[in-house]
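In what follows, a structure is listed as structure tokens, so that the remarks can point back to it.
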Amino acid sequence: MKSYKQVFIEQPAEDKWAIYPALFAELTDMGMVVVGKPFSDPKETDLIVKFSYETGWDLTQYLHSFQFQFIEAQSGRIVALQSFHSKGIWLGVRDGRLKAAFNELREKNGYPPTKQFP
């Protein structure tokens, strides 16, 4: 993923868990420029990121699972997938799950651990 320079994040109609800002911060920290509109003439170094999530209940509502798809904007080829699935609330409602997924993605692609979550 280090060869990609610009990224457009497609977000779902509702982002109850504020995944977009966390993803924005993470990709920026990884050296990518997040653009605010879809690419009209994508380059080989442009990425589109799509994400989806599901909510669960365990006494209270929590972020049950989510998936990130990293797609090369020019070819439409998926270059990376990252997902997280939990069976309970014990990792915290949001931050522990995102930290685990971001650190796994970073490790797979040669980046240091996330600085975003303590």
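Below, the figures for the structure above:
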| quantity | calculated |
| --- | --- |
| Matching residues, the range 39-64, being hydrophobic (A, V, I, L, M, F, W, C) and within 20 Å of Ala22 (Cα to Cα) | Leu47, Ile48, Val49, Phe51, Leu63 |
| Strands (runs of 3 or more DSSP E) lying entirely in the range 17-118 (those with 3 or more residues that are surrounded by fewer than 12 Cβ atoms within 10 Å (Cβ to Cβ) and of a type in the set (Ser, Thr, Tyr)) | none |
| Residue under evaluation Thr28, criteria (1) under 18 Å from Met1 (Cα atoms); (2) over 14 Å from the mean Cα position of the chain (by Cα); (3) of a type outside the set (D, E, K, R), criterion not met | (2) |
| Considering residues of the range 5-16 that are among the acidic types (Asp, Glu) and more than 11 Å from the chain's Cα centre (by Cα) only, the residue surrounded by the most Cβ atoms within 10 Å (Cβ to Cβ) | Asp15 |
| Matching residues in the range 8-25 - criterion: being acidic (Asp, Glu) and either farther than 20 Å from Ala100 by Cα or modelled with pLDDT of 95 or more (or both) | Glu10, Glu14 |
| The lone exception for Val35 - which of (1) of a type outside the set (Lys, Arg); (2) over 13 Å from Phe8 (Cα atoms); (3) more than 14 Å from the chain's Cα centre (by Cα) it fails | (2) |
| Residue list for the range 28-58, restricted to those being polar (S, T, N, Q) and either under 15 Å from Ile78 (Cα atoms) or modelled with pLDDT under 90 (or both) | Thr45, Thr55 |
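The values are calculated or read from the model by the stated rules, or taken from the named source; none is laboratory data. The structure presented is a predicted model; accordingly, all values stated were derived computationally and were not measured. All Cβ positions, even for glycine, are placed from backbone atoms using ideal geometry, and neighbour counts span all protein chains on display.
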